[in-house]
1. Say the dipole of the range 3-163 comes from +1 at the beta carbon of Lys and Arg and -1 at that of Asp and Glu; which of His102, Val156, Ala43 then lies farthest toward its positive end?
2. Testing the spin-label approximation: label points 7 Å from Cα along Cα→Cβ at Val56 and Ala35. State their distance in nm.
3. Would you kindly state how much longer the chain becomes between Arg115 and Thr84 on full extension, computed as 0.36 nm times their sequence separation minus their alpha carbon distance, in nm to one decimal?
4. With θ set to phi - 60° and the Karplus curve 6.51 cos²θ - 1.76 cosθ + 1.60, what are the ³J(HN,Hα) couplings of the range 74-84 in order, to the nearest whole Hz, using x for Gly and Pro?
5. For a test of the definition: using alpha carbon positions, the gyration tensor, and the 1.5 limit on a/c, classify the range 6-77 as rounded, prolate or oblate.
Amino acid sequence: MNAAAWDAFAAREPYFAVLTHARYLREHFDPAAEAEFFDSGEAYVSELYGIVRTRVAPHFGPVTVLEYGCGVGRLLIPFARRATTVTGVDISPAMLDTARKHIAVAGVANVELLRTLEDDRTFDLVNCFLVLQRLRCGEGLELLRQLTRRVREGGVGVFQFPYRASLSPVVALSRKARARVPGVNAAANVLRRKPASVPFIESNTYDVSEVFAVLRIQEVSLELE
């Protein structure tokens, strides 16, 4: 899905675009669903801090945080309540507009929102969750290379990616066709009695060895520097 199509979809369904559950479609998004949505962000960040402190860095307390693919601010807000400065990056202006509204309501003032990072800043924590799976593997691995370079020496990077999917060959082929062959997704939507314009949200799996190769290369470059 190109950036323009993704932004148009994000403008229509900003919460479902983050967590693809019918509960978060606009037509069902009542105050209870909103509370559940943002509570899930707090739970994720709390668990992340706990895991890092238990397994990686006992005194983990990042001052600067980069949340790449920040969406509507589901994770930005709990990060902002723990860190000094938080930077959220998202390619979708519609997502960032929605994030601004939620950040204002939450009353956190230490968040900056950007479409791209133009400088060479590094961060104590770089988090990328539910993003890499939306990208095709070549794009995702390149993004991973870029993000690992944003982790300062002694910092922590958290990168989520799926590496296995239990799909039949027919379903796998169907999903690939919907994502890559013009017109197939529109036809599939019509058959399912959905608007033809509803985009297909990809969920790609990664070869673990390729991901680890990126991380190993970055470790070596950090040691040499």
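Taken together, the values in this text are just the output of simple stated rules run on the coordinates, not laboratory data. Remember, predicted model here, so these are calculated numbers, not experimental data. Methodologically, a virtual Cβ is constructed for each residue, glycine included, from the backbone with ideal geometry; neighbour enumeration extends over all protein chains shown.
1. Val156
2. 3.2 nm
3. On the way: separation 31, 0.36 × 31 = 11.16 nm, distance 2.06 nm.
Here the answer is 9.1 nm.
4. 4, 9, 4, 5, x, 4, 5, 7, 10, 9, 7
5. On the way: a/c = 3.23, a/b = 2.02, b/c = 1.60.
Prolate, since a/c reaches 1.5 and a/b exceeds b/c.
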